[in-house]
Amino acid sequence: MKFHFVTLGCPKNRVDSEVMFGSLLQNHYEYTEDPKEAELIVVNSCSFIEDAKKESIDTILEMSKFKTKGHLKKLVVAGCLAQRYQKDVESLFPEVDHFIGTGEYYKISSIVESESRGNYSIPSYIHSYEAPRMNSMPAYTAYLKLTEGCDRRCAFCIIPKIRGKQKSQSIENLVLETQALVRNGVTELNLIGQDLTSYGTDLRDQKTNLEALLTELVKIKEVKWIRLLYCYPDHISEDFLNLLRTEEKICKYIDMPLQHIDDEILKSMRRGVNSQKIRTVITRLRDSIPNLVFRTSFIAGYPGETQEQFEKLYEFVKKQAFDHVGVFTYSQEEDTHAATLPEQLTQKVKLKRKEKLMMLQSEISLKKHKAQVGHELEVLVEGWDEAKKLYQARSFGQAPDIDGNVFIEVSPEIKLKPGQYCKVKIKKALPYDLVAQVTH
């Protein structure tokens, strides 16, 4: 049976899809890129915010059409939308044959061969190195999922109710999984989880923590870059700072969503940190790692956010001059504390505040990029961009899919290969990308 996959949402969802993908291949299913040819289509859905739910619903309806205009026999909806809404989605989508929640996805091969339509449980599974995972990223890069679920209770976030409590893989499992990835060509690891800095706390084992894991991962010869995606400001230890500063393989890069800087808003968000703590952590990080690339994200238009509180956030972003910033308009999600708060702001206000922050960040980003012109940088080549007639690459400070690119001009006799590392000289700055030439 030929199958087709559609993965929506975050990199953590992508890894779940890779496990399902590998399971189907292991059970003699055959992959096709053309949904018209597929007899089985799997939509791994997202429901983190309203826009993600809409995209998931639109995709399910689009894929269901292949029952009449293609060869589709079975449509499967997996992931967060299925887990969150269960009986609601079963009645809403009669054309879907199987729903698979976030705790059951590894059973996909047996589920699609059964009569069971709704498959949900309290999420308690996190894959190990033995899972039949098939990396869906280019051969040189992969995500390594350290944890599943989250023990925090941020007022705006539905993830703990969809993904359950935090579950950490053991260091041994993660090392073995990394070794399997590098055997297939991976040289860049992007570490992911809801909260990397809490890695291991659920195991109640003082020897299992982020520092201990990183110490083992850097020993793997083939790994060149290790990047940290999603850290939390209240668990930054001196050992962690020392590793980030001294280990060449660990990219001088951190992704730390801060969400806001006003103390009243942070308290309402139940973030567990105040503005002073956030400023102190930023200073510690930048003082310890002078060339640190700092990515963060903020929520615009949180319930009750006054114009004065927004301006405080705006001035904070302006002063801190982060390298990469994502801004999300607040999404009122049912079953969250923030959804019950008074003073919900209009979409117009939320969008206006988001746009103002993003315009500011565009100016900051361009200024930072201009400062790099004339400097040399090591990049990871990703391939040829036919539209731009340039090679596309990324530096250590650019995570895949979210942080922009370095576009490389070369003479006709120079051929670059995906997965190759090379030195370039920056010659032109754009707001979110750089243009460079190969030096050697």
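Here is how the numbers come out for the structure above:
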quantity	calculated
Lone unmet requirement of (1) surrounded by 15 or more Cβ atoms within 10 Å (Cβ to Cβ); (2) under 30 Å from L244 (Cα atoms) for E409	(2)
All positions within segment 121-167 that are touching a strand residue (DSSP E or B) at 6+ places or on another chain (Cβ under 8 Å) and among the small types (G, A, S)	S124, S136, A142, G149, G164
Any hit, segment 360-374, residues being in contact with an Asp or Glu (Cβ under 8 Å, 6 or more places away or on another chain), within 30 Å of A142 (Cα to Cα) and at pLDDT below 95	no
Where D239 falls short, out of the listed (1) within 27 Å of Q320 (Cα to Cα); (2) not in a helix (DSSP H, G or I)	(2)
Strands (runs of 3 or more DSSP E) wholly inside segment 327-421 that include at least 1 residues being polar (S, T, N, Q) and in contact with a helix residue (DSSP H, G or I) (Cβ under 8 Å, 6 or more places away or on another chain)	none
Only one of F298, F322 that is assigned by TED's automatic domain parsing to the domain that holds T197, within 20 Å of the chain's Cα centre (by Cα) and not in a strand (DSSP E or B)	F322
Lone qualifier among T215, T208 - being more than 19 Å from R394 (Cα to Cα), part of a helix (DSSP H, G or I) and either touching a residue at least 24 places away in the same chain (Cβ under 8 Å) or in the same structural domain as D401 (by TED's automatic domain parsing) (or both)	T215
The lone exception for R279 - which of (1) under 30 Å from V379 (Cβ atoms); (2) within 25 Å of the chain's Cα centre (by Cα); (3) not small (G, A, S) it fails	(1)
Selection within segment 376-392 - of a type in the set (A, V, I, L, M) and exposed (fewer than 13 other Cβ atoms within 10 Å of the Cβ)	A387
Filter pass, D263 being modelled with pLDDT of 95 or more and surrounded by fewer than 18 Cβ atoms within 10 Å (Cβ to Cβ)	yes
Elements of type strands (runs of 3 or more DSSP E) in segment 1-84, at least 2 residues being surrounded by fewer than 20 Cβ atoms within 10 Å (Cβ to Cβ)	2-7
Scope segment 1-51; condition over 25 Å from Y125 (Cα atoms) and of a type outside the set (S, T, Y); matching residues	M1, K2, E30, E33, D34, P35, K36, E37, A38, E39, E50, D51
Candidates K161, K167, K145, filtered to the one that is closer than 30 Å to L266 by Cβ, buried (at least 21 other Cβ atoms within 10 Å of the Cβ) and of a type in the set (K, R)	K145
Failed condition for I265, given (1) in contact with a Ser or Thr (Cβ under 8 Å, 6 or more places away or on another chain); (2) in a helix (DSSP H, G or I)	(1)
Members of segment 111-139 found to be among the aromatic types (F, W, Y) and touching a Phe, Trp or Tyr at 6+ places or on another chain (Cβ under 9 Å), listed by number	Y120, Y125
Criterion (in contact (Cβ under 8 Å) with a residue 60 or more places away in the chain, over 26 Å from the mean Cα position of the chain (by Cα) and surrounded by 16 or more Cβ atoms within 10 Å (Cβ to Cβ)) met by exactly one of V112, V96	V112
Check on N44, at negative phi and modelled with pLDDT of 95 or more	yes
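The values are calculated or read from the model by the stated rules, or taken from the named source; none is laboratory data. Predicted model only: the values in this text are computed from it and were never measured. A quick note on method: Cβ atoms are made from the backbone with ideal geometry, for glycine too, and the neighbour counts reach across all protein chains shown.
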